[in-house]
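Worksheet: the structure to be examined is printed underneath.
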Amino acid sequence: MNNEIKQFKKSLSGHEQKIVEESTSLVEACKKHGPRRTKNNIALIQPRKGGRPSLGLLYVGAYLQDNQYTVRVFEFLDETYPPNVRYNRRIWKALYDFKPDFIGFSVISSTFTIVQRMIQVIRSKMPEVIIICGGKHVVCKPDDLLRSGADYCTVGESEITIVELLDALNFNVRIDTIKGIAYRNNGGMHMTDTRPFLPLDYILRPAFDLVDYERYVDFRFQGIPGHYLRTGFIFGSRGCPYQCTFCTTNIRGAYRERSIDNLLDEMEWQIKEYKVEAFVILDDIFYFRDERAEEFCIKIVKRNLNINFFCHARVDRVSKKTVELLKQAGLLLLAVGVESGSQKILNAINKGTTIEQIEHAFSIYNDVGVETFAFIIVGHPDETEEDRNLTREVLKRIKPTYVPVSYYMPMPGTPSENFSLSHAAYLLGGDDFKGFTYTTDYPEMSTSIPLEELKKIGDELESLSTKNRNATLFTYPRFIYFIVLFVVCHPFIILEALYLRYGVHKTHQMSLLSVMKDAIQFYKQKF
Ligand code: B12
């Protein structure tokens, strides 16, 4: 056993060692059965592809590949944009031609209704295939997918669960002993014991080769907001120690960290393999502890990685020394959940921060000269115009670089859901949620402000940014070169985007550049 594994095992607690041993022997046992398997093809489906890869799917893919399953990822595009229907037809054909034994869906709440429809299509076209669902919506509401026709759900982190489940289905092993799954049984849902969390350093890297990761890296403006860099995506931890009422990260989750060396090893690997210039660190909270953030900065410089990065932090955990180190190490943009300028609302969402902490943190960020991405939420049921005025005042005082605004959205399994749905039932006069898509298209679920007005409030707060993130893209000559080339080569895609933005969706952000971004998104997503 090489030194590195010895070192790693030594770093584990007794409990973690037990989990690693159990998981390793389990995976090894499945590998031995491999050659005798009859069902070997698994299709992993991303129902609505975004500008960033779904690493969750690629982590699962890595374990399936490691166990010699034949794995293919199929990424469908958002069909609310008619041109994507043609594109998806090609993906469906590729899926049928692959003749999968298993189909695995990655489901978040905003793609739940899409997955429902896809399961019906698969049930009619490929009745023998076994359908397995995983992902954040499954963590919150596994029965939603089982009642929609899925055979099994893997609940929570599924790297080991998926290997054990497929092995059991291949060799008709009893499945009620497999931790972390749910399935229908005698008319009800049966959920097995919770799968223990794996130490993050033990987990294989995402199987980036299952998607065209080069195209994600080269997407550039879906990377760090306001920047046009070849951008990689990476996790340094999972979960979050906090309990905001609107967030689903912590349902069946727990905050765990990768070692900094393990994280930097993957960064170095992505830089070498994909010529990554910058990273979006996707953690819900990356800058949590000063000592770990400082270790990260010191080692990045020591390893001479020379990259930029974007990460998340909290206003109640900030030291000037660490922020200075983060800037020197390549921090380009720091995302912070400000959420509201009203202490009443901060308490209502259980944010655990104060207005004083917000102001203190931003005085440090602005002193050090770190660009900031200040998340704001509008539309909380208790929010009044006076609360929104407080938010305006605070934003004017703290001067964030960018102010991305989202609408208070009741997420399944979160405290916010119980309130909003009862409120929604009153609004909608009944409890038929068929049209409900858990996307921001339905803020009425939690506030009595009409959508159009809420969007105007959102735009007005967003205009309190000290910079326009679209405009900063023009500081990159490569972006200007790309835009000019795009306009010359793809005039019809731009006209299509104009028609869809002004003719069909009538969305509120009418700036020419947002239309251009749409057009580029349409075009660049088709890979
Ligand atoms: C990257 C990301 C995106 C990307 C890609 C999203 C995607 N997954 O499709 C983009 C930028 C497109 C995106 C957009 C949005 N996102 Co987002 N996003 C994330 C983020 C930061 C990381 C996801 C990830 O890779 N996690 C890491 C892996 C390890 O965790 P995981 O995904 O849960 O995967 C594990 C298990 O769930 C399971 N699993 C997952 N998939 C599968 C599939 C199979 C077959 C199996 C067996 C198992 C399995 O195994 C995995 C490994 O253990 C998460 C936050 C987070 N911490 O997860 C938010 C998150 C998923 N996003 C969220 C939201 C709300 C959105 C938006 C609606 C935001 C908005 N208002 O517009 C949009 C919707 C876009 C859409 N496609 O409809 C919420 C979802 C909440 C919910 N209940 O669904 C999250 C959880 C943020 C939060 N804290 O609330 N997002």
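The values are calculated or read from the model by the stated rules, or taken from the named source; none is laboratory data. Source: prediction; values computed, not measured. Cβ placement follows ideal geometry from the backbone for every residue including glycine, while neighbour counts extend to all protein chains displayed. Calculation scope for accessible area: heavy atoms of the full protein, side chains included, ligands and nucleic acids excluded. Shrake-Rupley method; radii C 1.70, N 1.55, O 1.52, S 1.80 Å.
Restricting to the chain, what percent of DSSP beta bridges are antiparallel, rounded to 5?
The answer is about 15 percent antiparallel.
Among the aspartates and glutamates, select those whose C-alpha is under 18 Å from the C-alpha of Lys456, and discard any that sit fewer than 8 residues away in the same chain.
By straight Cα distance, Lys456 reaches Glu339, Glu383, Glu385, Glu386, Asp387, Glu393, Asp441, Glu444.
When the accessible area of the chain is split by element with a 1.4 Å probe, what percent falls to carbon and sulfur?
After summing per-atom areas, the C and S share lands at 54 percent.
Just to be sure I understand the model, the point goes 7 Å from the Cα along the line to the Cβ. What's the resulting Asn186 to Ile91 distance in nm?
Reported label-point gap for Asn186 and Ile91 is 4.0 nm.
Do the alpha carbons of any pairs in Lys320/Lys455; Lys141/Lys517; Lys327/Lys396; Lys399/Lys455; Lys179/Lys272; Lys49/Lys467 sit beyond 32 Å of each other, and which pairs?
Going by Cα-Cα distance, Lys320/Lys455; Lys141/Lys517; Lys179/Lys272 fall outside the 32 Å limit.
Quick check: the distance between the Cα centres of the range 217-294 and the range 93-150, to the nearest angstrom?
28
Is the shape of the chain best called rounded, prolate or oblate, per the rule: a/c under 1.5 gives rounded, else a/b larger than b/c gives prolate, else oblate, with a ≥ b ≥ c the square roots of the Cα gyration tensor eigenvalues?
Because its axes are fairly even, with a/c under 1.5, the chain counts as rounded.
Taking a probe of 1.4 Å, how large is the accessible area per residue of the chain, in Å²?
Solvent-accessible surface per residue comes out at 44 Å².
Which of Val405, Pro450, Pro241 sits farthest toward the positive end of the charge dipole of the range 212-469, with +1 on the Cβ of Lys and Arg and -1 on the Cβ of Asp and Glu?
Pro241
How much mean residue ellipticity at 222 nm does the chain get from its helices, if each DSSP H run of length 4 or more adds -39500 (n - 2.57) and you divide by all residues, to the nearest 500 deg cm²/dmol?
-13500 deg cm²/dmol
With a sphere of radius 12 Å drawn around the Cβ of Val60, what net charge do the other residues whose Cβ falls strictly inside it have (Lys, Arg +1; Asp, Glu -1)? Provide the component values of the computation, followed by the final result.
On the way: positive: none; negative: Asp66, Glu157, Glu159.
Taking every other residue near Val60 into account, the sum is -3.
Counting Lys and Arg as +1 and Asp and Glu as -1, what is the net charge of the other residues whose Cβ lies under 13 Å from the Cβ of Lys467?
With Lys, Arg at +1 and Asp, Glu at -1, the neighbours total 0.
With charges set only on the Cβ (+1 for Lys and Arg, -1 for Asp and Glu), what does the dipole of the range 335-401 come to about its Cα centre, in debye to the nearest 20?
Its charge dipole is roughly 120 debye.
Sort Val121, Val368, Val403 by accessible area with a 1.4 Å probe, largest first.
Accessible-area ranking of Val121, Val368, Val403, largest first: Val121, Val368, Val403.
In whole percent, what relative contact order does the chain give with Cα contacts below 8 Å and a gap of six or more residues? Please report the intermediate quantities before stating the final value.
Working: 862 pairs, mean separation 59.2, N = 527.
Once divided by the residue count of the chain, the mean separation gives 11 percent.
How much length would be gained if the chain were fully extended between Val121 and His490, taking 0.36 nm per residue of separation minus their Cα-Cα distance, in nm to one decimal? Walk me through the numbers on the way to the answer.
Values: separation 369, 0.36 × 369 = 132.84 nm, distance 3.34 nm.
Additional length available on full extension: 129.5 nm.
If you place +1 on the Cβ of every Lys and Arg, -1 on the Cβ of every Asp and Glu, and leave all else neutral, what size is the dipole of the chain about its Cα centre, to the nearest 20 Debye? Numbers along the way, then the final one.
Working: 66 positive and 64 negative charges, 281 e Å.
I would put it at about 1340 debye.
Enter the accessible area of Ser11 (Å², nearest 10), with the probe set to 1.4 Å and all protein chains included.
80
How would you rank 160-171, 94-105, highest first, on the average number of other Cβ atoms within 10 Å across their residues?
Per-residue mean Cβ counts within 10 Å order the peptides as 160-171, 94-105.
Under a Cβ-only charge scheme (Lys and Arg +1, Asp and Glu -1), can you give me the dipole magnitude of the range 17-88 about the Cα centre, in debye to the nearest 20?
Dipole about the Cα centre, nearest 20: 240 debye.
Based on the mean of other Cβ atoms within 10 Å per residue, sort peptides 300-313, 176-189 so the most packed one is first.
On the way: 300-313: 17.6, 176-189: 14.9.
Peptide ranking by packing, descending: 300-313, 176-189.
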